[in-house]
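Structure first, then comments.
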Amino acid sequence: MPISINHQPYDLPDDPRVSLLDFIRHDAGQSGTKKGCDHGQCGACTVLVNGVRINSCLSLAVMHDGDEVTTIEGLGTIDQPSALQKAFLEHDGFQCGYCTPGQICSATALIEEIRAGWPSDATGDVEQAPKLTDEEIRERMSGNLCRCGAYPNIIAAIREVAETEL
Amino acid sequence: MKPFDYQRAERLEHAGQLVADSGAMAIAGGTNLLDLMKLQVETPATLVDLGALPLDTIAEADGGLRIGALVTNTLTAADARIRGEYPLLARAILAGATQQLRNKATTGGNLCQRTRCYYFTNIDQPCNKRDPGSGCGAIKGIARLHAILGTSDQCIATYPGDMAVAMCALDATVEIAGGDGSTRSVPVRDFHLLPGDTPQRENVLEDGDIITAVLLPPPVSGQQIYRKVRERSSYAFAMCSVAAIVDQADGTITRADLAFGGLAHKPWHDPRIGELLVGAKPSLTLFDKAADLLLENAQGYGENDYKIPLARRALAAALCDATGLTA
Amino acid sequence: MTALFKHDKPDNRNVLDHTAQGIIGQPLTRPEGILKVTGNATYAAEYAFDECLEGVLVTAPFAKGQVNSIDEKSVSSMPGVIKVITDKRLTARAAQGTANEAPKQNVCEVHYWGQPIALVVAETFEQARDAAKHLKFDYTEDTDAIFDPEAADSETEDGATQQGDLAHAMKQADASVDLHYSTEGHASAAMEPHASIAQWDGDTLTVHASLQMLNYNITELADAMGLKEGKVRLLSPFVGGGFGSKLGVSQDVVAASVAAMELGRPVRVVMSRQQVFQTIMRRSETTQRLRLAADADGKLTGFGHEALVSNLPNEEFAEPVTQSSEFLYGGENRVLQIEVARINRMTAGSVRAPGEAVGMPALEAAMDELAEKAGIDPVELRLRNIPEVHPSEGTPFSSRKLAECLKEGAAKFGWDSGPRTPRMQREGEWWIGTGVASAARVHNVGEAKARVTLQADGTALVQTDMTDIGTGTYAILGQIAGEMLGMSRDDVLVELGDTKHPRGPGSGGSWGAASSGSAVFVACEAIAEEIASLLGAAKDDLTLKDGIASWGGQTRPVTEILDGKAITKIGHYEPGDTEDDYAASSYGAFFAEVAVNQWTGETRVRRMTGAFGIGRVLNEKTARSQCLGGMVWCIGSALTESLLFDPVDGHLVNCDLAEYHVPVHRDVPDMDVILVEERDGAASPIQAKGVGELGMCGGAGAIANAIYNACGARLHDFPMTPDRVLAAMPAD
């Protein structure tokens, strides 16, 4: 089976060394997903694989046979941005824009993770379902670095959308 | 990365055969291995993808739980039984890495996580762990992350994970399938090794071995605390961490299972600490005595001297938290 | 067609307050933002060119010595390998900001661990990366490398201040402090690694790169390549963060260019994150001595600020630690001095707010200790010490809102001006405390040109090589043009980051908005003047709004006036006498509340307020974001950020984002930003000043002061990591 990126099928690479990130950016030509560190330390490469967010730099493309990968391009478009994309724009949840696709992919998954009741380090009592607090959002977004320091605006954008969707 | 042959293991026996080959390594989540392969710290000739093996469930077993080796850290921490009866494990996992990494990282892979020592990850530096006999850059270099317990003159690296520290306190067992078709169990407390003269060996796994599961013993009563001290409030390795299961009756401690992260080449467990605490009444003086035992043979290397007082304080904090004592 | 504005006296006309469109300063969303949030903004490495080759830099595993030979054969038979580039034109270091000439070349001479020595080019990235790890070379390592700044030879920087008798003032003082501080090295750590794609068509070199100052970078690159500037084109329409690290042309740019010219194919070179840490600018570590002497009223009589910083031999840059200490507070007896130690670490250069980023926190921490000794509230102490004129040069200040920032910030934060004894507030196992610091950052401008075209259809086009590194250039230049020409911002197209456009100073030193913004303003004024003359109206009588010109009681659509023709003007802004006649700076104040864990010394910032006077606000949203970003950097430099160098071989050990700790989301609390209303005609003809760096100029001091107020730990070493806090914490 091929790998599907934003519902478009692609053949797996011949060279097994190709990371999922490089495959998306280079082989599939969808450069919205960013390479910030290539070692799982910044989150700029975050994509959704079968709906679950991962660092695409720390995965091999050949390990995703049959998987559905959603990148920033798959979440919305210039004409039809997603609610989170609009909220990031409105709240100025970015500056240079390089970490932004990863932030938005993460935030998209975060809403589903809270909906599913997954706990985080900020969930005081892990037996309970997490509540949508700023601290929960901050903890769950901590795998996405933003050196411009847009963090407070990013939290505001996510809070706004999560409050409507949850 | 060096070129490698990529193989997908279809069955456990198949995986065992593939992994037994010289130069072969197993890959599950890949979050640690691929990081190191890009740096050429790891250069496997064959990469055996375990992803298709049916090791991805959590099941009840012998009154406890059997966590398949391929269960992701996320699903372990999100499991209702774990959250309810082994909250220590959920908390420890959630204190480590990020959601993205935990979504890929697996039980088996996380147990095998390599050290974060700066000299280990830089192939232009000496490191006895990566390149036996080349020396240790950290001992005379920057040892900020490094161990104060159980070190050797060959290596002062730490085991960097959180999950295994909780499993160590919980006295969990690692289930291992041997390349020859055998199965054996090793307590987590004995799974990781001290560096000694063979720092390249970090755990008891032999060629062809594949971790199949971790078995949690039946749940116990008491408070379960995971306390991690780190430089950032999230997404940082432990300067020191404490996993504690403490129960009390009539003001006396009846159970005290403790393990420590960030201090040694393995999750640190010292049975004398539990022996000291059980039967005693909680007090700061008692906790200090526990720390005396913990740190009896502690040795700093300059940059990491701070870990000695920090571990003492973190231990007291965790025990105060677990016993309800206020300082 | 060029309109020149030479800034020889303050422009207090405040033209933008009298225009009619009403968009200047408004919190409009960024026009390029939709591209960024949908993944459609294209950064340097992301252009898809046919036949593009991949280059990976090879770096030296030693700090000082000579590469004798490189064995190309060691990799030439590896799959996909095309060539090993060892050309003399390769650059060993990144250029300093505004260098305007090639940085050090001859990569065979190695002066720091991790210096690039060659480029391996292959068909694919994996092939190139693997081959780069296998390239063999022979080298001779010198034994006299120096890694410890304290042990190295040092020189005193020019421009030291010696005034009066500080030692005497210290003796006579009613209250005084004499304190030593240290700060560790910092990395810019922009999220986009340095990256270039070079193309050579046999005549012209075109490079897509991630650079902040194209006007200088083109000269640096042309000089390095031995090409005429006219044969080079640089493009950086999107830059994934800079913070000083992309001021000068970096090693990837030249390496890609050499390879493309040699191989006749496009070549992409992207630095690994580790290479960015190891070969691009660091902010120097500093050791500082602060001496403050005050009279019984808390008025400063003596002010001493001395620093030791470091750099490679022959680098001119020295972290200007005392830059704002020159003028922020009074005190007639003054000593300000910087020493530079020569050591073998990668180039020290500009990292966001060079100077103030590390000088101000130390000064502001010392002010807190002085306030305690003098028994004066720290906000009040600062208010009492705002000098009338520049304390050593005697020049007047341009507009200065320091007092307003301190007062408005204190009010918003809820500053308690009562007694400030540590350990007064506790929540569970956390001590809670507050701290204040002033902010100051010198104002800079540079010569700038921009082309503005009022199109026949009534829309406008703004073109300059100025960059937007996240700062909001696209937004503010569009707003200035829209405001001046009377149209919505959406009707203005802004094209940036291309050296074929008129040149500006680029992004750096917080000077971009005031400089390039002024060039756009000057061009628009000239266009308005031409419209007025077409109408026979006096230019001051003309109003442009929503595409309609109004004058002398008449109105007419602008498109009608243009009658199918466009008007194009190049605005040329040139700094002039005001630079010397006034001491111009941005000012502000920080207020922080922290929690310090009694057991572990872990510190969390719970809230922060920043009040800033930055002249005219051009876009409230992007200006606020710049301030927030700076405040996040304050948290990093206060608590976590530190470059760690190996004492034996001098290499940077924590060369990645796992171990160099920039703040994460959870480190950053809610933050308030107050933008104090201000116009500064001496700063620029649009009355705006710099904002990009001010937000991190002193805030780490507020956090240090809050830690003391919380738990009684007085720290003099940044960052204040848990181990350091514990070591300084008084016994329970």
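The values are calculated or read from the model by the stated rules, or taken from the named source; none is laboratory data. The shown structure was predicted, so the numbers you read here are calculated from the model rather than taken from an experiment. Positions of Cβ are generated from backbone atoms using ideal geometry, with glycine treated the same way; all protein chains shown enter the neighbour counts.
Consider B:Asp247 against the criteria (1) crowded, with 17+ Cβ neighbours inside 10 Å; (2) within 14 Å of chain C (Cβ to nearest Cβ): it satisfies all of them except one. Which criterion is unmet?
(2)
Looking only at the stretch C:635-646, filter to residues that are more than 20 Å from B:Ile123 (Cβ to Cβ) and either touching a Leu at 6+ places or on another chain (Cβ under 9 Å) or facing chain B (nearest Cβ under 7 Å) (or both); which one of those is surrounded by the most Cβ atoms within 10 Å (Cβ to Cβ)?
C:Thr640
Applying the selection to the stretch B:146-163, what residues are within 14 Å of chain C (Cβ to nearest Cβ) and either surrounded by fewer than 23 Cβ atoms within 10 Å (Cβ to Cβ) or modelled with pLDDT under 95 (or both)?
Across the stretch B:146-163, the qualifying residue is only B:Pro160.
So B:Asp190 clears everything in (1) in contact (Cβ under 8 Å) with a residue 60 or more places away in the chain; (2) out of contact with any Pro (no Cβ under 9 Å at 6 or more places or on another chain) except one condition, right? Which one?
The failed condition is (1).
Please determine, by comparing only the residues of the stretch B:265-289 that are touching a residue at least 60 places away in the same chain (Cβ under 8 Å) and in contact with a helix residue (DSSP H, G or I) (Cβ under 6 Å, 6 or more places away or on another chain), which one is nearest to B:Asp162 (Cα to Cα).
So, considering only residues that are touching a residue at least 60 places away in the same chain (Cβ under 8 Å) and in contact with a helix residue (DSSP H, G or I) (Cβ under 6 Å, 6 or more places away or on another chain), the one nearest to B:Asp162 (Cα to Cα) is B:Pro267.
Please count how many residues of the stretch B:91-119 are aromatic (Phe, Trp, Tyr) and either more than 21 Å from the chain's Cα centre (by Cα) or within 14 Å of chain A (Cβ to nearest Cβ) (or both).
The number of residues fulfilling the criteria is 1.
This table checks each residue for (1) acidic (Asp, Glu); (2) in a strand (DSSP E or B); (3) farther than 30 Å from C:Asn344 by Cα.
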site: C:Val121; (1), (2), (3): no, yes, no
site: C:Gln127; (1), (2), (3): no, no, yes
site: C:Ala131; (1), (2), (3): no, no, no
site: C:Asp138; (1), (2), (3): yes, yes, no
site: C:Asp144; (1), (2), (3): yes, no, no
site: C:Pro149; (1), (2), (3): no, no, no
site: C:Gly159; (1), (2), (3): no, no, no
site: C:Asp178; (1), (2), (3): yes, yes, yes
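Only one of these is at pLDDT 95 or above and under 27 Å from the mean Cα position of the chain (by Cα): C:Glu404, C:Glu332. Name it.
When all the criteria are applied, what remains is C:Glu404.
C:Pro387 fails exactly one of the following numbered conditions: (1) in a loop (DSSP other than H, G, I, E, B); (2) surrounded by fewer than 16 Cβ atoms within 10 Å (Cβ to Cβ). What is the number of that condition?
(2)
For the subset of the stretch B:312-327 comprising residues that are aliphatic (A, V, I, L, M) and in contact (Cβ under 8 Å) with a residue 60 or more places away in the chain, which member is nearest to C:Asp723 (Cα to Cα)?
Here the residue is B:Ala314.
If you go through the stretch B:288-312, how many residues are touching a Ser or Thr at 6+ places or on another chain (Cβ under 9 Å) and either closer than 18 Å to B:Gln224 by Cα or more than 10 Å from chain C (Cβ to nearest Cβ) (or both)?
Matching residues across the stretch B:288-312 total 2.
Please enumerate the residues belonging to the stretch B:164-199 that are among the hydrophobic types (A, V, I, L, M, F, W, C) and assigned to a strand (DSSP E or B).
Listed by number, the residues that qualify are B:Val174, B:Ile176, B:Ala177, B:Val186.
Mind telling me which of the residues C:Val253, C:Val232 ends up being more than 17 Å from C:Val270 (Cβ to Cβ) and either touching a Leu at 6+ places or on another chain (Cβ under 6 Å) or β-branched (Val, Ile, Thr) (or both)?
One residue alone meets the criteria, C:Val232.
Mind checking whether some residue in the stretch C:651-658 is of a type outside the set (A, V, I, L, M) and modelled with pLDDT under 95?
No, the stretch C:651-658 contains no residue that is of a type outside the set (A, V, I, L, M) and modelled with pLDDT under 95.
Could you say whether any residue in the stretch C:666-680 is free of Cβ contacts under 8 Å to residues at least 40 places away in the same chain and farther than 30 Å from C:Glu525 by Cβ?
Among the residues of the stretch C:666-680, at least one is free of Cβ contacts under 8 Å to residues at least 40 places away in the same chain and farther than 30 Å from C:Glu525 by Cβ, which makes the answer yes.
Report whether or not C:Gly571 is surrounded by 23 or more Cβ atoms within 10 Å (Cβ to Cβ) and in the same structural domain as C:Pro505 (by TED's automatic domain parsing).
So C:Gly571 passes the test.
Among the residues of the stretch C:535-564, which ones are among the basic types (Lys, Arg) and either within 10 Å of C:Gly458 (Cα to Cα) or at pLDDT below 95 (or both)?
The one that is among the basic types (Lys, Arg) and either within 10 Å of C:Gly458 (Cα to Cα) or at pLDDT below 95 (or both): C:Lys539.
Which of the residues spanning the stretch C:4-39 are in contact with a Ser or Thr (Cβ under 8 Å, 6 or more places away or on another chain), more than 13 Å from C:Gly482 (Cα to Cα) and more than 10 Å from every other protein chain (Cβ to nearest Cβ)?
If the condition is that a residue be in contact with a Ser or Thr (Cβ under 8 Å, 6 or more places away or on another chain), more than 13 Å from C:Gly482 (Cα to Cα) and more than 10 Å from every other protein chain (Cβ to nearest Cβ), then C:Phe5, C:His7, C:Asp8, C:Lys9, C:Pro10, C:Asp11 are the ones that fit.
Just the residues that are of a type in the set (Ser, Thr, Tyr) and either away from every other protein chain (no Cβ under 13 Å) or free of Cβ contacts under 8 Å to residues at least 12 places away in the same chain (or both), please, taken from the stretch C:108-127.
Scanning the stretch C:108-127 gives a single hit, C:Tyr112.
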